[in-house]
1. Scan the range 68-87 and give yes if some residue there is aliphatic (A, V, I, L, M), in a helix (DSSP H, G or I) and closer than 22 Å to Ala116 by Cβ, otherwise no.
2. Going through Thr82, Thr15 one at a time, which residue ends up being outside the structural domain of Ala112 (by TED's automatic domain parsing) and polar (S, T, N, Q)?
3. For the range 1-42, what are the residues that are of a type in the set (Lys, Arg), closer than 22 Å to Ala112 by Cβ and free of Cβ contacts under 8 Å to residues at least 24 places away in the same chain?
4. Does Leu30 fit the bill of being surrounded by 13 or more Cβ atoms within 10 Å (Cβ to Cβ), farther than 30 Å from Ala92 by Cβ and either modelled with pLDDT of 90 or more or not assigned by TED's automatic domain parsing to the domain that holds Glu106 (or both)?
5. For Leu19, are the conditions met, namely being modelled with pLDDT of 90 or more and farther than 23 Å from Ala110 by Cβ?
6. Glu46 fails exactly one of the following numbered conditions: (1) modelled with pLDDT of 80 or more; (2) assigned to a helix (DSSP H, G or I). What is the number of that condition?
7. Being surrounded by fewer than 19 Cβ atoms within 10 Å (Cβ to Cβ) and either of a type in the set (A, V, I, L, M) or without any contact (Cβ under 8 Å) to a residue 24 or more places away in the chain (or both) is the filter; apply it to the range 43-63 and report the residue that is nearest to Val77 (Cα to Cα).
8. Which ones in the range 71-100 are under 15 Å from Ala111 (Cβ atoms) and surrounded by 15 or more Cβ atoms within 10 Å (Cβ to Cβ)?
Amino acid sequence: MPGQHGMAQLALLKTRVRLPAAQKQIEAALANAAERAGLLPDELAELLVPTYGLEEVGLRREVLGGVIVDLVVAGGVELRYTRADGKKLAAAPKALKAEHGDALKELSSAAADIKAILPASATASSSSTCSSGPGPSPRGASATSTTRSSARSPAA
């Protein structure tokens, strides 16, 4: 496939497939793609790390109705809920689920994907010969804000 879409799908598939023979085939395909792109396999892996809408390193913030939902990546992945008045909530309120169910499902899906990809990213980073240091690259964790207001309908 032209562009990076096919390579990104292979990288995501690699995090989900457990069969060793399939892992070898995916690794070979990714190495071939990296060679065609003129990159080292580790450089390609770094380019393919999805941002999942994170605004800054480790944070994605969505305003849904009167609740701020933070997807936080720091030592783990979690969704945090805070009312507009600053009170922290243990879970998403029923009204929020009713009004913004699709947006909450998308955030939960992003959190699950990040949980799945973090071990693979950490392994790639620790075996990398790049001098960028340990841990995920900040470049892979930055994106334009996707904050929604209660006046707008959730986008998929």
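1. First, the residues of the range 68-87 that are aliphatic (A, V, I, L, M): 68-69, 71-74, 77, 79, 84.
Subset that is in a helix (DSSP H, G or I): none.
Looking for residues that are aliphatic (A, V, I, L, M), in a helix (DSSP H, G or I) and closer than 22 Å to Ala116 by Cβ, one finds none in the range 68-87, hence no.
2. Working: Thr82 fails: outside the structural domain of Ala112 (by TED's automatic domain parsing).
That would be Thr15, the only listed residue that is outside the structural domain of Ala112 (by TED's automatic domain parsing) and polar (S, T, N, Q).
3. Step one: list which residues in the range 1-42 are of a type in the set (Lys, Arg), which gives 14, 16, 18, 24, 36.
Those still in the list that are closer than 22 Å to Ala112 by Cβ too: 14, 16, 18.
Selection gives Arg18 alone.
4. Working: surrounded by 13 or more Cβ atoms within 10 Å (Cβ to Cβ): yes; farther than 30 Å from Ala92 by Cβ: yes; either modelled with pLDDT of 90 or more or not assigned by TED's automatic domain parsing to the domain that holds Glu106 (or both): yes.
Yes; evaluated as a whole, the condition is true for this residue.
5. Numbers: modelled with pLDDT of 90 or more: yes; farther than 23 Å from Ala110 by Cβ: yes.
Judged against the criteria, Leu19 is a match.
6. The single condition Glu46 does not satisfy is (1).
7. Leu59
8. Restricting attention to the range 71-100, the residues satisfying the condition of being under 15 Å from Ala111 (Cβ atoms) are 71-81, 91-92.
Scanning the range 71-100 gives Leu71, Val72, Val73, Val77, Leu79, Tyr81, Ala92.
The values are calculated or read from the model by the stated rules, or taken from the named source; none is laboratory data. None of the values given here were measured: they were computed from a predicted structure. When we count neighbours, we look across all protein chains shown, and the Cβ atoms used for this are built from the backbone with ideal geometry, even at glycine.
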